[in-house]
Structures are given as C-alpha cells and as structure tokens.
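Rule-based calculations on the coordinates, nothing more; no lab input. Worth saying up front: this structure is predicted, and the values here are computed from it rather than measured. Cβ atoms come from the backbone with ideal geometry, glycine included; neighbour counts cover every protein chain shown.
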Amino acid sequence: MQKMNKRSVFLYEEKRTVTWFSILFFIILFGYDIFYYFIFPRYDSIVTYGFPTDFVYVLYFFILLLIPVIFINNRKNKQHSTKYYFFFTYVILSLINELITFWNKPESLSSGNAVEVFFVLFSPIFVNKKYFWTVVIGLITKYLLLGGLLLNILAAFPIVIIIVLAIIAYIFLNRFQSYINALSTSYDQQMEGIVKGVIAALELKDPYTRGHSERVAKYAMELAKQLGTFSQDELKSFNYACLLHDIGKVNIPDSILMKPAKLTNEEYEIIKTHPVVGVEAVKNVEGLGTSLSIIRSHHERWDGKGYPDQLNGEDIPLNARVVAIADAFDAMTSSRSYRGALPVEEAYNRILQGEGTQFDPSLVAIFKKVYPKWVDIQQES
C-alpha cells in the first residue's frame, strides 16, 4: 500500500480539486459564450448573433493551451500554480477583448462572463487566502481599468457584484480553513503523542537517556528556525524525527547500552548500527518524509569520519547536520553510566573545536547565536 502522509494527502486532494476546477472552468466559459452569442440572440433581437470580435478566438486558443499545463503541473507536484495560470490568462485576455469590442462604442459596454462569478465563488475550495484575494483584487482591477479607459461608469456595476460575491466566498473560506486547521491540529497532536509514547518506551530501556530526545529536539528546533530555510510543515516533521533520532537503540543489548565502562571495538560497532535500524523501524511512519535522514545521518561528520555512510561536507543532509550539533551538545551535558555531565561552557568550547571537522562550520556560527537559548533549555530540563 502506498504510504500517504499529511502532505501527500493534501497534494492528492489539491490535484483532484484543480482537475475539477479546470473542467468546470471550461464548461462555464464556453457554455456561457455559446449560449449568450449563439442561442440567446435567436430569442432576443437586441443581442447580435455571433462573437463581437475575432479576438475571442485568440482568447480561446491561449486558454486551451492551458490544458497540457494541468498535466505538467500535476506531474511536477506544482498543481497549486495552475489556478493562477487560468485566472491571469482569462483576466488579461478578456480585458483586451472587451477593450477591442467597445473602444469605439463605450456607451454600449456589456462585459463579463459567468466564469468570473465561478472564479469568486469557487476560490474558497483551495483554502488559500492568497488565491482568494488575487481573484477578487484582479477582477476589480480589470473593471477599474475597463471603466477608466472607456470612460464608462457602467464598469462599476460588475465591481459591486464582485464585492458582494467576495463577501459570501470569504465566509465559506474561513469556515473551510477552520475545518482544515482543526483536522491538522488533531493529526499533529496524535502524531506527537505516538512519538512521545515510543520515546518513553526507549527511556525505560535506557534511563540514562531520559529527556535526551526532547532536549535534542528543542536545541535543534532553535537552530533550524534561526536558519530560516525550513517551512512550517518541514519543521513539524523535523521535530518528530529529532524525537525519534535514537529509536534504533531499542535493538542494542542492555549490556552494551548501559555498560559503565569504555566500549570495546566490537561493542562500538554494534552501537553504530542504531541509525540504520532506526530508519528501518520508522520508515513507514506518516509525517516524517525527508526528515528520516535525521535518524540515519545524525552521526555523520563533516570530515567524513562518521557513520553509517561516511558522508562528508554538504553530502550530509542539512537537517542531519543541525541535529548532529544538538545531539553532541546534549550528550556532553548529560550524565552517562560511564561519566558525569560536562559543564555547558566546556560543551560549548568542544562544539567550537569541532568546527570544520565534526561539524558544519556555517552551522557552528549559528550555534554561537542560539547558545544562550540552549543554556536556558538545559537549565530548565
């Protein structure tokens, strides 16, 4: 069965929404024009039969070119941009078409297509305020330009209609967002509860690591936020992976894990298996995604002398490089079966000494900035 985490579910639903949105767009756009220009004139002599200008065919040509865009964006997981392509293509071309149609007869201005009502009322289905405001402001701007260039106050009427429809759509949008936020919060709380339950089980096996995973997660999150390169969703999965970074130690015999003396080479080789075992144990857990690299690679070193893959430099995933510093700092400032905790100042200096050998130099520079917050976390634990 294909693994579906929260992000993949949202992407799948976005693809389905974009597909149905596109189908309805074409049906309404073409259906309205066919009815208004070819069917309605048969019963009302006031409306001229046929398209008012040949530019309508140009408009249709470019809009039909958007069909392959739908499939291309869906394959590249960029379906969120499709709705913008549809909207801007329609608004720009329809504005040009209406200017051409009414430039010499502005007093007969009759503008718009039912698809504009569709754009406004259906914008909430994407649960995206940016798109909603793009649609509303874009359509209002169109009619302001149309009215201003043709010097016709009649362009104000569609603006009033757009504003009324936008108010209705905004109410729906807020309701949809409330439901999505509630579901997302529930998912995150369940995920965090499960992860902390697993960590509690690990701590029962190795009491010396009690609180280690939570502290490492807090340290790493402070450093990751300072970087500013992770999205909110990425930070969530980052946090879960930090909490689970040592989960592979459940496979380590207690005699080795809690040995009150220096490990032999053979025992150390067994300890070094825990990143690979950890990844295998949680690789199908929803919500981790690319953050699985934290579990596998948090013991890699910048100079390539780490484990399990002897990666070096920027070949080590960024999130794993962040956690490597946090993990080392907490390991040094925590008591172990074979030694006591080091003072935070000593741990700080050892992190600096590892710059360019054990740790990413650029991250060590950021570590210096967040160090005071790390001290607070360590003292609160």
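For n ≥ 4 DSSP H runs only, could you compute -39500 (n - 2.57) per run for the chain, divide by its residues and tell me the 222 nm figure to the nearest 500? Show your work: numbers first, answer last.
Details: 16 runs with 250 residues, N = 381.
One gets -21500 deg cm²/dmol as the mean residue ellipticity at 222 nm.
Of the residues ILE180, LEU318, TYR219, the one whose Cα sits farthest toward the positive end of the charge dipole of the chain, with +1 on the Cβ of Lys and Arg and -1 on the Cβ of Asp and Glu, is ILE180.
Please list, or write none, the lysines whose alpha carbon is within less than 22 Å of the alpha carbon of LYS262, excluding same-chain residues fewer than 8 places away. Partners found: LYS205, LYS249, LYS272, LYS305.
Based on Cα contacts under 8 Å between residues 6+ apart, the chain shows a relative contact order of 13 percent.
What does the net charge come to around ALA326 if you take all other residues with beta carbon closer than 13 Å to its beta carbon, with K and R at +1 and D and E at -1?
Numbers: positive: ARG215, LYS218, LYS225, ARG321, LYS373; negative: GLU214, GLU222, ASP246, ASP327, ASP330, ASP360.
Result for the neighbourhood of ALA326: -1.
In what order do HIS80, HIS212 fall by count of nearby beta-carbon atoms within 10 Å, going from fewest to most?
In order of increasing Cβ crowding within 10 Å: HIS80, HIS212.
Taking chymotrypsin sites (Phe, Trp or Tyr not before Pro) as exposed when DSSP calls them loop and at most 15 other C-beta atoms lie within 10 angstrom, the chain has its longest site-free stretch at 104-337. For region 73-131, trypsin sites (Lys or Arg not before Pro) are listed when DSSP marks them as loop and at most 15 other Cβ atoms sit within 10 Å of their Cβ; the list is LYS76, LYS78. Here's the list of aspartates and glutamates a cross-link from LYS225 could span, going by alpha-carbon distance under 12 Å and ignoring same-chain residues fewer than 8 apart: GLU234.
Kindly identify region 206-380 as rounded, prolate or oblate by the Cα gyration tensor criterion: order the square roots of the eigenvalues as a ≥ b ≥ c, call it rounded if a/c is under 1.5, otherwise compare a/b with b/c, prolate if a/b is larger, else oblate. Mind showing how you got there, number by number?
Details: a/c = 1.38, a/b = 1.12, b/c = 1.23.
Rounded shape, in that the Cα axes give a/c under 1.5.
Legend: helices of the chain (whole DSSP H runs) are marked when their alpha-carbon atoms reach 24 angstrom or more along the helix axis and their mean Kyte-Doolittle hydropathy is at least 0.5; marked are 6-34, 82-102, 129-150, 156-205. If you look at the Cα atoms of the chain, you get an Rg and a Dmax of 29.8, 99 Å.
With the convex hull drawn over the C-alpha atoms of region 6-180, the volume per residue is 112 Å³.
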